[in-house]
Amino acid sequence: MKFKLLYFGDILINPKKRAQHISDIRMQFHPQLKKLLEHRPWDNMTQYMLPNATKSPITTRHVGGIDWNPIITPNLKLLAELDIQMMHPEIIGVPHSDIDNRLKTLFDGLRAPQNEHEIGENTPRDIGPIYTLLDDDHLVTKTTINTSHLLSADIFAQCRPHSPDSVFVLIDVNVRVAEGTLENLPFMI
């Protein structure tokens, strides 16, 4: 089962308000994942998510007074392979492009918070459950990363002021089943 996620904005290496920065990244993925759950076979997952969960294994996490609904969870025995295309306006190979720390920040933005200290103070609490790709990043079994120079930095000017940390990221997600169960049967295709 495959799908794509898009991210556009800053991926900071060591932000002063790390929890809020990670939350801002999560909130770009939330509407995409919410939309994904409207389509087959993903719509089957809503039966495992609170507050309307009707079946076990329930996948919702309750952290910091917010319901977090990860898509890929150990409860459903799902794993992820990620193919990441990261484009930025910098010339490739300059010291500013710290790829390993940018990936760590991106991975944190793809997973549900593990405790309330990982939730930014401006995280919306009144929109219902927030969807994340991963319950935890240990569910990623394979990652490939390709960085390239974004030849038209004008795209950044259209959305927000340009920053040296601005990137456009395309993530191809391949969902794999770790162990077949009745709950994850639709994802074995």
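The values are calculated or read from the model by the stated rules, or taken from the named source; none is laboratory data. Predicted, not measured: the structure shown is a model, and the values here were computed from it. Cβ sites come from the backbone with ideal geometry, for glycine too, and all protein chains shown count toward neighbours.
On the given criteria, is Lys34 closer than 25 Å to Ser166 by Cα and basic (Lys, Arg)? So Lys34 fits the description; yes.
Here is the figure for segment 46-59: residues that are surrounded by fewer than 18 Cβ atoms within 10 Å (Cβ to Cβ) and touching a residue at least 24 places away in the same chain (Cβ under 8 Å) total 4.
For segment 59-73, the condition holds for no residue, the condition being that it is assigned to a helix (DSSP H, G or I) and at pLDDT below 95. Only residues that are closer than 21 Å to Phe168 by Cα, assigned to a strand (DSSP E or B) and not charged (D, E, K, R) were counted across segment 107-139, and they come to 4.
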